[in-house]
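Some notes on the structure that comes next.
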Amino acid sequence: SRIQEGSDGGRKKVAELTTLIQLGKFEDVKVAIAKEKDQDSQETWAMKLALADGFYAWGKYAEAQTVYELFLKKFPNGPTEPLNEFYMNSTYKYAQMLLLMGQLKAAVNAYDAALKAKIDRPVRRQFISEKAELLVKLAEKSPPAERGAYFAEVQKICNEILWVQDLWFGKAI
């Protein structure tokens with residue numbers, strides 16, 4: 001479940017909304033979310049992000065992106081401790097959505113947001129490795145004058161990755 005510290009009622013609401021989302025009843029979902037007393041609670045954000053996921057699944061990319069961007073603006077410095085895992089999972093999912101949409105620069109920003117969460121070392125290594133791959137792609141598409149900044153960041157990431165011999169070490173090579 002995406003809700004880590006929410007109530008069972010919160011999980012039930014998300015499940016009910018997910019059913020409506022699967023049926024494409026987005027207006028009904030918006031109305032249900034608007035009725036929540038605390039629009040910034042973890043449970044309400046779980047509902048909002050379920051809606052964003054539904055928008056994405058139905059090809060409504062702009063609507064999905066709007067919800068995710070509001071979520072990121074709510075936590076510009078990263079998550080509070082109770083929201084840590086929820087935040088990490090949501091921002092990573094958003095990065096993946098942006099990649100599928102071909103929005104590489106925005107995906108790098110979503111990875112940066114995900115890295116604001118407290119994450120264990122293997123997950124951090126995965127995130128920064130994937131980010132480095134994106135930076136290389138961006139550098140390849142950029143004018144020569146802009147490439148240096150991308151490659152400098154890639155080099156910094158590689159310096160961190162190369163200390164442990166694992167899958168990410170191999171990719172960094």
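The values are calculated or read from the model by the stated rules, or taken from the named source; none is laboratory data. All values reported here derive from a predicted model rather than from experimental measurement. Note that each Cβ is placed from the backbone with ideal geometry, even for glycine, and that neighbours are counted across all protein chains shown. Each accessible area value is taken on the protein alone, full model and side chains, heavy atoms only, with ligands, DNA and RNA left out. Shrake-Rupley method; radii C 1.70, N 1.55, O 1.52, S 1.80 Å.
Reachable lysines from Lys118, Cα under 30 Å, same-chain residues fewer than 8 places away excluded? Hits, sequence-local ones excluded: Lys12, Lys13, Lys37, Lys48, Lys73, Lys74, Lys93, Lys105, Lys131, Lys137, Lys156, Lys171. Computed from Cα positions, the angle between helix 104-114 and the longest principal axis of the chain comes to roughly 70 degrees. Among Ala32, Ala145, Ala106, the largest mean-square fluctuation in a Gaussian network model of the chain, built with springs joining Cα atoms closer than 10 Å, belongs to Ala145. The label point for Lys12 and the one for Asn89, both projected 7 Å from the Cα toward the Cβ, are 2.0 nm apart. Helix 144-161 and the long axis of the chain differ in direction by around 80°, with both axes built from C-alpha atoms. Report summary: the helix-based calculation at 222 nm, which adds -39500 (n - 2.57) for every DSSP H run with n ≥ 4 and divides by the residues of the chain, gives -23500 deg cm²/dmol. Using a 1.4 angstrom probe on heavy atoms only, work out the carbon and sulfur share of the accessible area of the chain in %. Roughly 55 percent of what the probe reaches on the chain is carbon or sulfur.
Send over the semi-axes of the stretch 90-139's equivalent ellipsoid, whole angstrom and largest first, taken as the square roots of 5 times the C-alpha gyration tensor eigenvalues.
Working: eigenvalues 60, 30, 12 Å².
Whole-Å semi-axes of the equivalent ellipsoid: 17, 12, 8.
Annotation for Trp163 and Lys137: the two label points, set 7 Å from Cα along the Cα-Cβ direction, are 2.8 nm apart. For the stretch 113-173, a Kirkwood hydrodynamic radius built from all Cα pairs, placed in the Stokes-Einstein relation at 10 °C and 1.306 mPa s, yields a translational diffusion coefficient of 132 µm²/s.
Cα to Cα, under 14 Å, and not fewer than 8 places away if on the same chain: which aspartates and glutamates meet these conditions relative to Lys116? Straight-distance partners of Lys116: Glu81, Glu85. The angle between the Cα long axis of helix 8-22 and the main principal axis of the chain comes to about 80°, on a 0 to 90 degree scale.
Using only side-chain charges placed at the Cβ, +1 for Lys and Arg and -1 for Asp and Glu, the dipole size of the chain relative to its Cα centre rounds to 200 debye. Note on the stretch 76-107 and the stretch 108-173: Cα centroid distance 15 Å, given to the nearest whole angstrom. Volume of the convex hull of the stretch 1-141 (Cα atoms only), normalised per residue: 103 Å³.
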